[in-house]
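Everything on this sheet refers to the single structure shown next.
Please treat every number below as a calculation from the coordinates, not as lab data. Not measured: the values here are computed from a predicted model. With ideal geometry, Cβ positions are generated from the backbone for all residues, glycine too; neighbour counts draw on all protein chains shown.
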Amino acid sequence: MSILTFVVVFALTLFLQQWLHRHIQSFALMLTGQPGCAIRLLFYLLLPGVFLHEVSHYVTAKLLLVPTNGIHIGITPTKKKQISLGSVSIRRTDPIRESLIGIAPFVVGVGAIWLIVGLGFDLWLSTGLSFELFWQRVAAYANDWTTWFDLYVIFAVSTAMIPSESDREPWGPVLMVFGVGVAMLFLLGWTPRVPAEVMTLARNGLDALTFALGVAVVTNGAVAGALWILERTVEQVSGNHIEYRVRRR
C-alpha cells in the first residue's frame, strides 16, 4: 500500500464520520420529530467509541503527569452551541503533551480495530493483513452473532476516534516548530540517512494503519449505504424531508 492509498483512506474516514453523525441524527429526527431523541440515538450508538475516546485522553494525561478533573460521559452543550458526547478536562500544559493527549483516541482506536480484527477474525499483523481474507472471514462467520457485534464495535470506535477540534488545538505550534527545525537542518546541509530496517518498519506500519482505516471505511460505508436507503424510504412514506446546509462563517 502507498502513501496515496493511506491519504485517500484517511480522507474517506473523516468524510464518513461527519456524514454518519449528521445522518444518524437527521434520521431519528425524521422519525420522531424530536431533536433531543436524535442526539440521544447518536450518543447510544457511539457509546463504546465515546467511552474509549475519553478514557484514552484520561489515561494518556495521567501517564504524562498532566492533572485532570476526571471523565464525563454524557450529552452536554458546549460554548460553541454544539453538543459534546464526552469530555476530559485537563490543566493547561506544554503543546507537546497536549498534542499527545489529543492524538491518543486515534492511536488507541486504530489499535482497538486491529485487536477486534485479530480476535474476531483471526487476522494479525504477524500473519499478514488482507481485505479479501477479512471479508471472506466475515462471510464465513456471518451466522455467528459475535461477528455482527465485532462490526458494530468497529463502527462505534472508528466513528468516534477522530480527534475533535479542541483536541487538535495544540497541534499547530508543534507542527510549526518541527517544520521550521527540519527546514533549518536542510538549509545547513543535513541529509538524512534512514537505515533500511527503519524504512521497512515504517512501510509495514503504514500498511497496517491503512488496513485498519480501510476496514473502518468499508464497515462505515456499508452502514452509510443502509442508512441512506432507510432515509429515502422514510421520506417517500412520510413526506418528511431533511435539508443539509453548510454553515458559513
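Throw me the Rg/Rh for segment 100-139, computed over C-alpha atoms with Kirkwood Rh, two decimals. Intermediate values should be presented prior to the final figure.
Values: Rg = 12.0 Å, Rh = 11.0 Å.
Rg/Rh: 1.09.
State, to one decimal in nm, how far the label point of Gln82 lies from the label point of Ala226, with both points 7 Å from Cα in the Cβ direction.
Simple spin-label model gives 2.8 nm for this pair.
Along the charge dipole of the chain, pointing to its positive end and built from +1/-1 on Cβ of Lys, Arg, Asp and Glu, which listed residue (Ser238, Val8, Pro67) has its Cα farthest out?
Pro67
With a 10 Å cut-off between alpha carbons and a GNM built on the chain, which of Leu65, Leu52, Leu20 moves the most?
Answer for the Gaussian network model of the chain: Leu65.
What's the angle, to the nearest 10 degrees (0 to 90), between helix 3-32's Cα axis and the longest principal axis of the chain?
30
What is the helix-to-structure angle for 145-160, meaning the angle in degrees between its Cα long axis and the longest Cα principal axis of the chain, kept from 0 to 90 and rounded to the nearest 10?
60
Where is the GNM fluctuation largest for the chain (alpha-carbon springs, 10 angstrom cutoff): Met30, Met161, Met184?
Highest fluctuation of the listed residues: Met184.
Compute the FRET efficiency between Val234 and His21 as 1/(1 + (r/R0)^6), taking r as their Cβ-Cβ distance and R0 = 22 Å, and round to the nearest 0.05.
The pair Val234/His21 has a calculated efficiency of 0.75.
Using only Cα atoms and rounding to the nearest 10 degrees, what angle (0 to 90) does helix 95-121 make with the longest principal axis of the chain?
60
Expressed as a rounded percentage, what relative contact order does the chain have, with Cα pairs under 8 Å and six or more residues apart? Display every interim value, and only then the final one.
Numbers: 246 pairs, mean separation 69.1, N = 249.
The normalised contact order for the chain reaches 28 percent.
Along the charge dipole of the chain, which of Val223, Leu206, Ala38 sits closest to the positive end, that is, farthest toward it, with unit charges on the beta carbon of Lys, Arg, Asp and Glu (+1, +1, -1, -1)?
Sorting the options by dipole projection puts first Ala38.
If you build a Gaussian network model of the chain, linking Cα atoms that sit under 10 Å apart, which residue out of Gly181, Gly111, Gly172 swings the most?
Greatest mean-square fluctuation among the candidates belongs to Gly181.
Convert 10 °C to kelvin, take the viscosity as 1.306 mPa s, use the Kirkwood radius over C-alpha pairs of the chain as Rh, and evaluate the Stokes-Einstein diffusion coefficient in µm²/s, rounded to a whole number. Kindly include the intermediate steps, with their values, before the conclusion.
Details: Rh = 20.4 Å.
This corresponds to a translational diffusion coefficient of 78 µm²/s.
Calculated from DSSP H runs of 4 or more alone, at -39500 (n - 2.57) each and per residue, what is the 222 nm mean residue ellipticity of the chain, nearest 500?
Working: 8 runs with 176 residues, N = 249.
Result for the chain: -24500 deg cm²/dmol, rounded to the nearest 500.
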